[in-house]
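See below for the structure under consideration.
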Amino acid sequence: MSRGGGKRGKGNSSGMVTALVILFPAGLIFLPSTILLAVGMIPTAVAYVVDRDPDKTAPMTVGALNFVGVVAFLIGLWQGGHTMGALSKVMSDPFSWLVMYGAAGMGWALYYGIPPAVAGWITLRAENRIAKRLGEQQELIAEWGPEVSGIVEEGKPEE
């Protein structure tokens, strides 16, 4: 196979360089927002680092709720003039930290709580189906006799 005919590997960094070239000046222009997002989204970065799943479902779950918690104060920052003074007001308020990181905590609670809840519900539903089928089987045996169960007693010849 020729070298040019294959798919590009993940080692291609031109997209990353382009993103940095665009995002770095934007981050400097919107410095208060950048700082608030960088500090407020730390739980999402931690979730990305500690998640071993190749699909990275923890940072998606934690990140979505974490972002909601940060955006509430980001909008307040924009309404407050988008200055470093307005940023220090947000950053010095313990309630803002509680909301931003508490929202991330709710993301972790969803990440760890939903799968066992769904598994329990599926198990309960399967057990109910089995019980229903066993009841139907007993009704058929009562109506048609034990031969319908497919179990043949020893010593009795099949007809």
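Give me the compactness ratio for the stretch 20-112, meaning the Cα radius of gyration over 2.2 N^0.38 Å.
Normalised by 2.2 N^0.38 Å, the Cα Rg of the stretch 20-112 equals 1.13.
Report, in debye and to the nearest 20, how large the dipole of the chain comes out about its Cα centre when Lys and Arg carry +1 and Asp and Glu carry -1 on their Cβ. Spell out each step's value before the answer.
Details: 12 positive and 13 negative charges, 310 e Å.
My answer is approximately 1480 debye.
As an exercise, find the ratio Rg/Rh for the chain from alpha-carbon atoms, using the Kirkwood inverse-distance average for Rh. Kindly include the intermediate steps, with their values, before the conclusion.
Values: Rg = 29.5 Å, Rh = 21.5 Å.
Value, to two decimals: 1.37.
Once each part is reduced to its C-alpha centroid, what is the distance from the stretch 29-68 to the stretch 73-88 in angstrom?
20
By count of other Cβ within 10 Å, fewest leading, how are Phe30, Phe73, Phe67 ordered?
Values: Phe30 14, Phe73 22, Phe67 19.
Going from least to most buried by this count: Phe30, Phe67, Phe73.
From Cα pairs below 8 angstrom and at least 6 apart in sequence, can you work out the relative contact order of the chain, rounded to a whole percent?
Numbers: 97 pairs, mean separation 30.8, N = 159.
Contact order relative to length: 19 percent.
I need the helices of the chain that pass two filters: whole DSSP H segments spanning 18 Å or more by Cα along the axis, and mean Kyte-Doolittle score no lower than 0.5. Please list the in-between numbers first.
Values: long enough: 14-29 (23 Å, 2.07); 57-79 (33 Å, 1.46); 94-144 (73 Å, 0.16).
Answer set is 14-29, 57-79.
Taken together, the values in this text are just the output of simple stated rules run on the coordinates, not laboratory data. Predicted model only: the values in this text are computed from it and were never measured. Counting neighbours? That spans all protein chains shown, and the Cβs are built from the backbone with ideal geometry, glycine included.
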